[in-house]
Amino acid sequence: MMNCTVKVMAQYFENYSDTKTPYWKPKGGQEFEIVMNSDVIMYSDDLKTHLTEMVAAQSSEYMKYEYIEHDVQFKKPIILDGGELEKLINKEFAA
């Protein structure tokens, strides 16, 4: 058995209404993470629907989440050096 990580990206909304009619305003993204058995996830024919339902279930009358996309990761991320990226960006301004 091997675990994988499912990363789900969702749109986060806040309700700006003080009435019974909601006024949802997008406020940015929210990432969700699920660690599970990779064998189980490979057999799902409807993973997007399941993840959409799970994300929506985190909503309330004050905030809501809408599924955007997901990625199944079977390996840990490779961490790159932030200092190296900063050097490359600074080169943009050195010319």
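Summary of computed values
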| quantity | calculated |
| --- | --- |
| Cα-based Lys proximity count in the chain, under 18 Å, for pairs eight or more positions apart or on separate chains | 8 |
| nm² value of the averaged projected area, convex hull over the Cα atoms of the chain | 9.8 nm² |
| Residues with amide H under 5 Å from that of residue 63, placed H, sequence gap 5 or more | 15 |
| At most 15 other Cβ within 10 Å, DSSP loop - GluC sites (Glu not before Pro), the chain | 61 |
| Computed over the chain: relative contact order in percent, which uses C-alpha pairs under 8 Å that are six or more apart | 36 percent |
| Efficiency of FRET between residue 43 and residue 90 - r from beta-carbon atoms, R0 35 angstrom, step 0.05 | 0.15 |
| Charge dipole (the chain, unit charges on Cβ, about Cα centre) - positive-most of 19, 78, 51 | 19 |
| Calculated [θ] (222 nm, deg cm²/dmol) that DSSP helices of n ≥ 4 give over the chain, each run adding -39,500 (n - 2.57) | -8500 deg cm²/dmol |
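Only the coordinates and a few stated rules stand behind these numbers; no lab work does. A quick note: this is a predicted structure, and the numbers were derived from the prediction, not measured. When we count neighbours, we look across all protein chains shown, and the Cβ atoms used for this are built from the backbone with ideal geometry, even at glycine.
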